[in-house]
Amino acid sequence: MLIEAEPEHCTAVIKGLCAASLLCQVEPVGRWFEAFIKRRNRSISASFQELEDEKESSEESEDEEFQLEEFALLKTLDPKDWKNQDHYEVLGLKNLRYRATQKQIKAAHKAMVLKHHPDKRRATGEQIAEGDNDYFTCITKANEILSDPVKRRAFNSIDPTFDNSVPSKSEGKDNFFEVFSPVFERNSRWSNKKNVPKLGDMNTSIEDVDGFYSFWYNFDSWREFSYLDEEEKEKAECRDERRWIEKQNRAARAQRKKEEMNRIRTLVDNAYNSDPRIKKFKEEEKARKEAEKKAKADARRKEQEEKERQRQAELEAVRLAKEKEEEEARQQALLLKKEKEIQKKAIKKERQRLRATCKNWNYFAENEVESFKMMEEIEKLCDRLELTSFQSLNETLSVSTKEEGKSAVEKQIQEVNAQIKREKEQEEARMRQATRAGENSGMGGGGSSSRSWSEDDLQLLIKAVNLFPAGTNARWEVIANYMNLHSSSGIKRTAKDVINKAKSLQKLDPQQKDDINKKAFDKFKKEHKAVSTSVDNAVPSERFEGPGGDTTPWTTEEQKLLEQALKTYPVNSPERWEKIAEAVPGRSKKDCMKRYKELVEMVKAKKAAQEQVLNASKTKK
């Protein structure tokens, strides 16, 4: 809605009607209203024509400011290769380029036509090429491109004088602002949004820095590459060919646009990683958090110290000397137990971490056989390594690749196997020494010792040797303690007795070994048959008992499949035991559950025996 003129600003016009005159009130509208507003704002009195003359004179003065720089090689241009020419340079606008106005382009073209038009040159006696082979065609094409806003934008997008280079991180390490500031200003011309933020300096606030990088990480570029289309759809002979050309051009433009955005992103990434202000902000934030953390820790520590001081003061006031000694002894015991529990939990945590890491990398194996083999070696590491070794290995795996992790694990396995081999050799040396001592003491003692071993004890010894393989810490002490716990004869065996008997069993004839195993199996069948007869009328357990059980011994392959299935389907898996039974061919759900229970009991017994031996050794110390 136009502004209504005030009464004092109205104009009186006298219009003649026949012999009489009529006075009319009129208001300025259109360009006269614009002139009126300008006069009123400038507080001057000037007519519209004077303002127009002023505007035209200012535009003429602007046009007189720029000077044409004629292209020295203009006459050598190939009219057929007009697409690869610099249109601004052809029209003499090399310095203005994309900043040149349409009026300047028009004036430049006019000047070039007046000088290089074929008719002008023919009048001077110059030979003119026929048709479109004259270089004047290049001037015509340059004006055609630059006069059309769409075509001009397409040409500006691939401006041959534009520097597309991106500084590297090392280039902006010492003089960041001098290197990156002109690059960002140069690329800001492609932004669809106005008011592009500046890079700033070291004193720029963190909000402005964040706004700058946020703008450039979400940069909206109008740059497009249609000028580089290899095919022109206007030259197509049919609609299908035109569609095919359009499809090829769209694909090429999209690829170039993607490369352009990657270039911008690389520029922003390099600047962000080299920006000293970002490093300064991060250091300040880190220092602030550390200060807050330290203040909280100090306050908490002082509070705890104050509480502890009050508690100790109250205890000291009411406690007798004897109670004080008992309290100190108890605190010492609790401290030792806590340290032991902490170390035990730490070792357990490191074991779980090692197993999880190896499992995520499929135990560094390419097939199932290698995976099972590596799984056994990992379990051997879990049994043998100390806490420091666990921590060192896990730290190495956390910062290494799969191949580096595999090398680290294999190196640790080799060290553990070498240690096991040394311990085995030492055990064999002790066995040989014990055997020689037994031989020196006479055959009578050996005979009485062999007669003191019943069939049950021999079977229990064979089971313990299989349960605690070579490499177990204090193996023979653990086996002896296991036999003392489970033997029904009541005879206490020492590690030396167990070693001597194990060596004598190794010297037995294979037939005798088979006889011992057969007797053990017959006894097992007899006991289980008696148990099943005595509980014939009992209701079978739904979880581990029931019809359909298979008493066939588990093979090594079935055992490996069961272990793998237990790891594949954890406790929270739905229908876990049905899936595990499907993974072990020839075994039912009940067989798998029963075997799992047996394995759990064996592991518990093994741990109990090891702990008793460890406690006994600590007591002796």
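Please indicate, with yes or no, whether at least one residue in segment 206-226 is closer than 27 Å to residue 159 by Cβ, buried (at least 16 other Cβ atoms within 10 Å of the Cβ) and of a type in the set (Lys, Arg).
Yes; the residues of segment 206-226 include at least one that is closer than 27 Å to residue 159 by Cβ, buried (at least 16 other Cβ atoms within 10 Å of the Cβ) and of a type in the set (Lys, Arg).
Name the residues in segment 398-408 that are part of a helix (DSSP H, G or I) and either open to solvent by less than 60 Å² (accessible area, probe 1.4 Å) or under 11 Å from residue 364 (Cα atoms) (or both), would you?
402, 403, 404, 405, 406, 407, 408
Residue 435 passes all but one of (1) under 21 Å from the mean Cα position of the chain (by Cα); (2) β-branched (Val, Ile, Thr); (3) farther than 28 Å from residue 569 by Cα; which number fails?
With respect to (1) under 21 Å from the mean Cα position of the chain (by Cα); (2) β-branched (Val, Ile, Thr); (3) farther than 28 Å from residue 569 by Cα, residue 435 is out only on (1).
Considering 146, 114, which residue is among the hydrophobic types (A, V, I, L, M, F, W, C), within 27 Å of residue 97 (Cβ to Cβ) and open to solvent by 40 Å² or more (accessible area, probe 1.4 Å)?
114
Restricting segment 467-492 to residues that are at pLDDT 80 or above and farther than 19 Å from residue 607 by Cα, which is most open to solvent (accessible area, probe 1.4 Å)?
492
Quick one: in segment 318-338, of everything that is among the charged types (D, E, K, R) and open to solvent by 100 Å² or more (accessible area, probe 1.4 Å), which residue is farthest from residue 387 (Cα to Cα)?
322
Looking at (1) under 31 Å from the mean Cα position of the chain (by Cα); (2) not in a helix (DSSP H, G or I), which is the only condition residue 208 fails?
It fails just one condition, (2).
For segment 256-297, name all the residues that are under 18 Å from residue 176 (Cβ atoms) and surrounded by fewer than 11 Cβ atoms within 10 Å (Cβ to Cβ).
282, 283 - these are the residues of segment 256-297 that are under 18 Å from residue 176 (Cβ atoms) and surrounded by fewer than 11 Cβ atoms within 10 Å (Cβ to Cβ).
Filter segment 554-593 for residues that are hydrophobic (A, V, I, L, M, F, W, C) and part of a loop (DSSP other than H, G, I, E, B) and give the result.
If the condition is that a residue be hydrophobic (A, V, I, L, M, F, W, C) and part of a loop (DSSP other than H, G, I, E, B), then 554, 571, 584 are the ones that fit.
How many of the residues making up segment 155-166 are assigned to a helix (DSSP H, G or I) and open to solvent by 10 Å² or more (accessible area, probe 1.4 Å)?
Total satisfying the criteria: 1.
Of all residues in segment 221-255, which are without any contact (Cβ under 8 Å) to a residue 60 or more places away in the chain and closer than 20 Å to residue 183 by Cβ?
Across segment 221-255, the qualifying residue is only 221.
I'd like to know if segment 170-181 contains one or more residues that are open to solvent by 30 Å² or more (accessible area, probe 1.4 Å), in contact (Cβ under 8 Å) with a residue 60 or more places away in the chain and assigned to a loop (DSSP other than H, G, I, E, B).
The answer is yes, given that some residue of segment 170-181 is open to solvent by 30 Å² or more (accessible area, probe 1.4 Å), in contact (Cβ under 8 Å) with a residue 60 or more places away in the chain and assigned to a loop (DSSP other than H, G, I, E, B).
Give all pairs with beta carbons closer than 7 Å in which a residue from segment 328-354 that is closer than 27 Å to residue 380 by Cα meets a residue that is of a type outside the set (A, V, I, L, M, F, W, C); count only pairs at least 6 apart in sequence or on separate chains.
350/391; 350/394; 353/394; 354/394
Confirm whether residue 596 is among the aromatic types (Phe, Trp, Tyr) and within 29 Å of residue 482 (Cα to Cα).
yes
Among (1) open to solvent by 60 Å² or more (accessible area, probe 1.4 Å); (2) at pLDDT 80 or above; (3) charged (D, E, K, R), which single condition is residue 513 missing?
Evaluating residue 513 over (1) open to solvent by 60 Å² or more (accessible area, probe 1.4 Å); (2) at pLDDT 80 or above; (3) charged (D, E, K, R) leaves (2) as the failure.
Within segment 116-150, can you find the residues that are free of Cβ contacts under 8 Å to residues at least 40 places away in the same chain, in a helix (DSSP H, G or I) and not hydrophobic (A, V, I, L, M, F, W, C)?
Of everything in segment 116-150, those that are free of Cβ contacts under 8 Å to residues at least 40 places away in the same chain, in a helix (DSSP H, G or I) and not hydrophobic (A, V, I, L, M, F, W, C) turn out to be 118, 119, 120, 121, 122, 131, 140, 144, 149.
I need every pair where a residue in segment 403-426 that is under 30 Å from residue 499 (Cβ atoms) and among the polar types (S, T, N, Q) has its Cβ under 8 Å from the Cβ of a residue that is at pLDDT 85 or above and crowded, with 16+ Cβ neighbours inside 10 Å, sequence separation at least 6 or different chains.
none
Considering segment 235-255 alone, what residues qualify as being open to solvent by 100 Å² or more (accessible area, probe 1.4 Å) and charged (D, E, K, R)?
235, 237, 239, 240, 243, 247, 250
From (1) loosely packed, with under 12 Cβ neighbours inside 10 Å; (2) among the charged types (D, E, K, R); (3) touching a Phe, Trp or Tyr at 6+ places or on another chain (Cβ under 9 Å), pick out the condition that doesn't hold for residue 314.
Residue 314 satisfies all of (1) loosely packed, with under 12 Cβ neighbours inside 10 Å; (2) among the charged types (D, E, K, R); (3) touching a Phe, Trp or Tyr at 6+ places or on another chain (Cβ under 9 Å) except (3).
Do any residues in segment 381-397 that are in a helix (DSSP H, G or I) have Cβ atoms under 9 Å from those of residues that are polar (S, T, N, Q) and loosely packed, with under 15 Cβ neighbours inside 10 Å, where the two are at least six apart or on different chains, and which pairs are they?
Listed by first residue and then by second, the contacts come to 383/473; 384/419; 384/473; 387/343.
When the residues of segment 240-281 are narrowed to those that are of a type in the set (Asp, Glu) and closer than 25 Å to residue 190 by Cβ, which ends up farthest from the chain's Cα centre (by Cα)?
246
Among residues belonging to segment 559-612 that are among the hydroxyl-bearing types (Ser, Thr, Tyr) and open to solvent by less than 70 Å² (accessible area, probe 1.4 Å), point out the one that is nearest to residue 371 (Cα to Cα).
Ranking the candidates gives 569 first.
The values are calculated or read from the model by the stated rules, or taken from the named source; none is laboratory data. If you're wondering where the values come from, they're calculated on a predicted model, not measured in any experiment. Quick reminder, even Gly has a Cβ in these numbers, built from the backbone with ideal geometry, and neighbours come from all protein chains shown. The accessibility values were calculated without ligands, DNA or RNA, using every heavy atom of the protein model including side chains. Shrake-Rupley method; radii C 1.70, N 1.55, O 1.52, S 1.80 Å.
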